[in-house]
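Here the structure is laid out as structure tokens; the discussion comes afterwards.
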Amino acid sequence: MIQNSLLRSLQTLIYLFPFSFIFGNLIINCFILFISILGILLYRKKILIWNDKITLNFIIFFFLLILFSSYLNYFFFKTNADAFKSVLFLRYLLFFVVIKTVIVNKDINLRKYLIFLLGIVSVISIDIIIQFFLGKNLVGFEPVYVDSFSTYYTSVFKNELIAGGYIMIFATLSFFSIPLFFENQKKSVLFLIILTIASLILCSLVLAGNRMPTILFMFFLLLSGLLYKNKRNKFFIISSVVLSLIIFVSIALKSELIYKKFRNFYIGIPNPVVVLDEINKNYPELEKYKNSGIQFHQIPELKIKEKYEDKTLKQEYDLLPFYTGHVVIFITSIELFLDKPLLGGGIKSFRNYCVDKIYLPNRVCENHPHNFYLDILNDLGITGLLLLLIPVCRILLSNYKSYKLNLLEKDKISSWIIFSLILAIFIQFFPFKSSGSFFSTFNSAYTFFILGIATGLHEIKIKLLNKQL
């Protein structure tokens, strides 16, 4: 009786987990805490059963490195309040292990779950479109007006400009539940359904105002067409994808506001040559301002130049246009990584160490580097990046093999589910995207959630193969 109650409670929390992102970090953390506790009480020793101990060890060492690097920097380099967050970050390890165990024990029907996620994405997408046409969404929230050129349609997220990110991550995970839900439909009908839902999601992403999620979802659609294994249906999938993209591009080109927004984004894409060239420059005349906390534009003699000889200053120091700000953020981030390349500066270190670079031109201080890889390299060095990427690649390759060879069909796990997870993880770890911090609650919760599901499928595959031996 107690076991059944624990299981039902755990299943309910996992189904409600996507809603926690709507209510903010506190609610997400509460869900992670309760899911972890219920999972430990329900599965007990089962949590410790692993077929692929190599993957587990890499993940454990990744979390241990977060602790080690954070406290190493705390005691020997720069005291900061973020070191204790490395201890709290261990909650994601427990969460990851519990989700993996749920999947291995088949206590969540992934087919139904992904269809449920697609329903959430569709409702929020429709809500954004309603907010665009009526000025309010279904519950009366108005869009966020930044200026005459920037309006964000945020649906239930109110003043938080994360609707696009939310739709993108859960859409990439659930999009290919469409063939599962409409499995008895004719190909022509399924084609129209896929086209309609893809167009709906793309329109809502554009209205949400988040450019990177829009681009990533378009990339996701193209990638799905390329990776889809069934040659008979490949043309059908690619046609649906291409047509939905053509519709989107046609709308974007006719809208001056949308065109300008994406054009500015394109102009602001960091040029690697420019970034590396700036990093290799030396400014010996500015070294006297190192560790002073004075920003480059606040240096007294340069303020005089800036006021009277702006063009001279730009030529002398080759000041880069700010645009989206990513170029100067990436320059600062790479320099900080090169200062501590092996172990990094500890969790969320960028905001603590970036002040050491602002006396130089084309540097800036922000909360994080706006890229997962640079974020991890800053905080944990090349060691931390490898400790994470090696198990992620192992999980991806294992699931791709299961997908290509239909290894889990015998266990009644559809290849569409595996295909969805492969794409979702690939998009989440796509190296050339600008993003929030990897260590933020929003990103970490989702990342270790999908990794937990994918690892569970990986474990099921190993178990099935071992039975055949």
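No value in this document is a laboratory result; all are computed from the given coordinates. This one's a predicted model, so the numbers in the text were calculated from it and none came from an experiment. Positions of Cβ are backbone-derived with ideal geometry, glycine not excepted, and every protein chain shown enters the neighbour counts.
Below, the figures for the structure above:
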read-out: Ranking of Leu41, Leu13 by count of other Cβ atoms within 10 Å, fewest first; value: Leu41, Leu13
read-out: Residue-span extension gain [Leu226 to Glu301] - 0.36 nm each, minus C-alpha spacing; value: 21.4 nm
read-out: Electrostatic dipole magnitude of the chain [Cβ: Lys, Arg +1; Asp, Glu -1; Cα centre; debye, to 20]; value: 1920 debye
read-out: Ascending count of other beta-carbon atoms within 10 Å, so fewest first, for Phe432, Phe182, Phe219; value: Phe432, Phe182, Phe219
read-out: 17 Å Cα-Cα reach of Lys340 towards aspartates and glutamates, excluding residues that sit fewer than 8 places from it in its own chain; value: Asp356, Asp375, Asp379
read-out: FRET efficiency, Tyr283 to Ile60 (Cβ-Cβ, R0 51 Å, nearest 0.05); value: 0.75
read-out: With Cα atoms, 0 to 90° folded angle of helix 25-43 axis to the chain main axis; value: 40 degrees
read-out: Net dipole in debye of region 140-234 [+1 Lys, Arg Cβ; -1 Asp, Glu Cβ; about Cα centre; nearest 20]; value: 720 debye
read-out: Neighbour-count order for Arg211, Arg44, fewest beta carbons within 10 angstrom listed first; value: Arg44, Arg211
read-out: For region 32-80, fraction of C-alpha pairs farther apart than 16 Å, in %; value: 62 percent
read-out: Two-site FRET efficiency, Arg44 against Ile115, from Cβ-Cβ distance with R₀ of 51 Å, rounded to 0.05; value: 0.95
read-out: Between helix 2-20 and the chain: long-axis angle, C-alpha atoms, 0 to 90°, nearest 10; value: 40 degrees
read-out: Whole-Å semi-axes of the ellipsoid equivalent to region 43-196 (Cα gyration tensor, √5λ, descending); value: 38, 29, 12
read-out: Per-residue [θ]222 nm for the chain (sum of -39500 (n - 2.57) over DSSP H runs n ≥ 4, rounded to 500); value: -22000 deg cm²/dmol
read-out: Residue (of Leu464, Phe419, Asn399) at the positive-pole extreme of region 397-469, dipole from beta-carbon charges; value: Leu464
read-out: Ratio Rg/Rh, restricted to region 21-113 and using Cα atoms, in which Rh is the Kirkwood radius; value: 1.05
read-out: Kirkwood Rh, angstrom, the chain [1 / mean 1/r, Cα pairs]; value: 24.1 Å
read-out: Globularity ratio of region 327-469, using Cα Rg and 2.2 N^0.38 Å; value: 1.27
read-out: Folded to 0 to 90 degrees: helix 187-208 orientation relative to the chain principal axis, Cα; value: 30 degrees
read-out: Whole-angstrom Cα spans of region 106-151 along principal axes, big to small; value: 50, 18, 12
read-out: Distribution of pairwise C-alpha distances over region 1-49, 5 Å bins, in %; value: 4, 23, 26, 22, 14, 8, 2
read-out: In nm, spacing of pseudo-spin labels at Val146 and Asp411 (7 Å Cα→C-beta vector); value: 4.4 nm
read-out: Net length gained if the chain between Lys136 and Asn367 were fully extended (0.36 nm per residue, minus Cα distance); value: 80.0 nm
